[in-house]
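Beneath this line is the structure, given in structure tokens, with notes to follow.
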Amino acid sequence: MRSARLDGAIEAWANLDFEHRLLMPDGSVRSLHVLARAVKTSSGALEYVGAVTDVTVAKQAEKTLRESASSSGRGATFQFMLHGTVAAHV
């Protein structure tokens with residue numbers, strides 16, 4: 001099912017950069033990052049060229065870090081970036 005945001009981007013021929021969650025048949029949830037450039041083909045049609053990356057593990061690690069920071073009582077803020085880089089602000 002497409003969202004209104006995706007429909008709006010397609011109508012505007014805009015580039016895509018968003019995260020989306022998928023509910024799998026087994027009940028698990030996967031997190032995807034979609035990054036694509038809108039391209040006009042030689043026939044004038046809209047085509048998207050890009051990548052869809054499964055970021056489920058990164059999202060789970062981010063959640064674990066946030067829970068750990070909040071339970072430690074130290075007030076640390078963690079920011080988890082794609083590709084596994086962690087920035088900690090204490």
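The values are calculated or read from the model by the stated rules, or taken from the named source; none is laboratory data. Since the model is a prediction, treat every value here as computed from it, not as a measurement. Neighbour counts run over all protein chains shown; Cβ positions are idealised from the backbone, glycine included.
Data overview
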| quantity | calculated |
| --- | --- |
| Selection count, the range 9-41, where residues are modelled with pLDDT of 90 or more, surrounded by 10 or more Cβ atoms within 10 Å (Cβ to Cβ) and either of a type in the set (S, T, N, Q) or assigned to a helix (DSSP H, G or I) (or both) | 2 |
| Residue list for the range 6-35, filter: over 25 Å from ALA61 (Cβ atoms) and of a type in the set (A, V, I, L, M, F, W, C) | LEU6, ALA9, ILE10, ALA12, TRP13, ALA14 |
| Residues of the range 1-20 satisfying the condition of being out of contact with any strand residue (DSSP E or B) (no Cβ under 8 Å at 6 or more places or on another chain), within 13 Å of LEU46 (Cα to Cα) and among the hydrophobic types (A, V, I, L, M, F, W, C) | ALA12 |
| Top-ranked residue in the range 45-90 [being among the small types (Gly, Ala, Ser) and closer than 30 Å to ASP7 by Cα; ranked as modelled with the lowest pLDDT] | ALA58 |
